[in-house]
Amino acid sequence: MTGEPILRLDGLVRDYVLPRRSLLRPAPRFRALHGVSLEVRAGESFGIVGESGCGKSTLARAVLALETPSAGTVEFMGEDLFALSASRLRGMRRHMQMVFQDPYGSLDPRHKVGRIVAEPLDMLEAGLGRRERRRRVAESLGRVRLNGSDADKYPHEFSGGQRQRIAIARALITHPRLIVADEPVSALDVSVQAQVLNLMSDLRRDQGLTYLFISHDLSVVRHVTDRVAVMYLGRIVEQGETAQVFAQPRHPYTRALLDAVPRPDPARFRHRHRVQGEAAATPSEPEGTAPAGGCPFAPRCPEATDRCRAEDPALEPRAGGRLAACHFA
Amino acid sequence: MASDGASDGASDGAKEGGLGEVAAKALGNRSFVIGGVLTGVLIVVALVSLVWTPYSVIDMDIAGKLRVPSAAHWFGTDQFGRDVFSMMMVGAQNSIAVSLVAVGVGAGFGVPLGALAAARGGWLDETVMRFNDFAFAFPAVLSAVMITALAGPGAVNSIIAIGIFNIPVFARLTRGGALAIWKREFVMAARVAGKNAVRITVEHILPNVASILIVQATIQFALAILAEAGLSYLGLGTQPPQPSWGKMLNEAQTLMFLAPQLAIFPGVAIVLTVLGLNLLGDGLRDVLDPRLRRLR
């Protein structure tokens, strides 16, 4: 099912310059991505999980070349996206599209559905005849189980789940190879979530799509991804086959995340790994990380030792084909 | 399904309604109806004056000067025996023409500047907006007096003067609205589709800020009519023999006790016009965009 790498991120760093606090000192920086490297293979569904503010969405924007990283490369279908000319980059956009979190915010309320769905087509495959354009819109709407006649309606005439399907139809219309889905179901009702996720799974199978699936919702990631990377403060702390990562988490942060999922079993409750506080990515620390030099997770880690506070663990292969960034994994 | 909009407070549920829905809401809005009728009467009077007035506004009739209102002269005659009603009609046309062009100049420069500032950000945004602050810091009418004093009186110069001081109003409003729209996800979707900033501005940003701009335009229109009347009153705006409400007020003030109606009619006309446009703007805002409460 999965093949050669289609997307390769290498040492991706993204700094944000924050407003100056003082005229004399340099403007503080916030490091949203802290050297992220990963490979997504053609045809697979690759998940990114982490709590809010860990850099997931920054990663998505960098992958789609909407935001230029401070360092590192994004290679898609063998091309370094940030080395391409503007017109070649636009040519590449045909092959990579995005589905957004908020189906109310991602569709322009002033445009009809047909125009919204055709948006990538008009830009990236310009010069189609009107009839062909209409056919492609209807075909794309059909793929997400909407009617071709829905093209003449406005987004407000649809429910949240239907709107998200319109957004998926827009992403599919140029027959892309990669879909970046940034929290595609977290704004939907639980009953609708399953419907949209099943649709996305079917589409992947039928169209041979590759997903980069970003979510904070572990149960969603577990169901729709083959491999997963866990992010914490702009770095990947653990990566591996989804089933294995969920069954045997190696990194204490992954364990804490999994234990935070509510489960109707009071016996388990007493053995939870609990983590206090929030990710310490406050702008007061110019690096955007916890103590300089040490493991970024150390301040919240129940198993932290002096070594963790002194030495930052690298993301290294562990048993079972897994990558983990922990001295004790 | 349409009820989704109601549960979604942050979105634009109400302004997404169809045209019929908007029209029905407009007719139920008292401000909109009253303002619309007042403005409508003004426009009709101005249009009629283009082709017909009861008397010529240039021909004098010294024998019949300072008549009180009668069946022959509805609003009486002035100190030269000209028909006040006819002068008022042509004055309406004059007010509308000057204000329309002035607001057009303001929007024509202000909207692109604001959209550019929002799209580019950074030093360009800062520069444009600081120039705006500079222009904004002068009281508009006072500055218009200054410009006409420098460039000489006349309708065209007063249009330019009023227009210039409408630019920052529109630039600021466009920039503010555009910045909010730029953060929306559908803009990012447009970027994923390969659209550049110009195209995004034309296809997504401007249509979504149009309603606040329309509302502001009606309010600026009212202010421009006041400014034109003020300039003409001071003798800096419309020049004789072209009638203008402001100039009529000026000429009436020396005859205040002799013929008070000469001041009352143009004064009331200005009040009703400005009131009508303000009500129309308020009503339009409620109809088009209920989330915007009082802007000013």
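Read-outs throughout are calculated quantities, based only on the coordinates presented, and are distinct from any laboratory measurement. A quick note: this is a predicted structure, and the numbers were derived from the prediction, not measured. Every residue, glycine among them, receives a Cβ derived from its backbone with ideal geometry; neighbour counts consider all protein chains shown.
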TODO: Would you list which lysines come within 30 Å of A:Lys112, measuring only between C-alpha atoms, while excluding same-chain residues fewer than 8 positions from it?
DONE: A:Lys153, B:Lys15, B:Lys25, B:Lys183, B:Lys195
Task: Residue-averaged beta-carbon neighbours from other chains (10 angstrom radius) around A:148-158 - done: 3
Task: Ranked by how many other beta carbons lie within 10 Å on average, peptides A:49-60, A:213-224, B:161-172, A:188-199 from highest - done: B:161-172, A:49-60, A:213-224, A:188-199
TODO: Sort largest first and round to whole Å: the equivalent ellipsoid semi-axes of region B:2-295, each the square root of five times a Cα gyration tensor eigenvalue.
DONE: 42, 23, 13
TODO: Under a cut-off of 20 Å between alpha-carbon atoms, report the lysines in cross-link reach of B:Lys65, not counting same-chain residues fewer than 8 places apart.
DONE: B:Lys247
Open item on the list: How long are the semi-axes of the equivalent ellipsoid of chain A, defined as square roots of 5 times the Cα gyration tensor eigenvalues? Whole Å, largest first.
Closed with: 36, 23, 19
Task: Alpha carbon centroid spacing (whole Å) that separates region A:89-165 from region B:23-64 - done: 47
Task: chain A, helix-only ellipticity at 222 nm - DSSP H runs n ≥ 4, -39,500 (n - 2.57), divided by all residues, nearest 500 - done: -9000 deg cm²/dmol
Open item on the list: Per-residue Cβ counts within 10 Å, from other chains only, averaged over A:118-124: what number is that?
Closed with: 5
- [ ] Quick one: dipole size for chain B, taken about the Cα centre, charges +1 on Lys/Arg Cβ and -1 on Asp/Glu Cβ, in debye to the nearest 20.
- [x] 480
Task: Taking only Cα atoms of the protein assembly as shown, radius of gyration then Dmax in Å - done: 32.4, 113
Open item on the list: Using +1 at the C-beta of Lys and Arg and -1 at the C-beta of Asp and Glu, which of B:Ile270, B:Ala135, B:Ile159 has the Cα lying farthest in the positive direction of the dipole of region B:2-295?
Closed with: B:Ala135
Task: region A:156-195: trypsin sites (Lys or Arg not before Pro) falling in loop per DSSP and having at most 14 other Cβ within 10 Å - done: none
TODO: List the relative contact order of region A:10-58 as a percent without decimals, with contacts defined as Cα pairs under 8 Å and 6+ residues apart.
DONE: 35
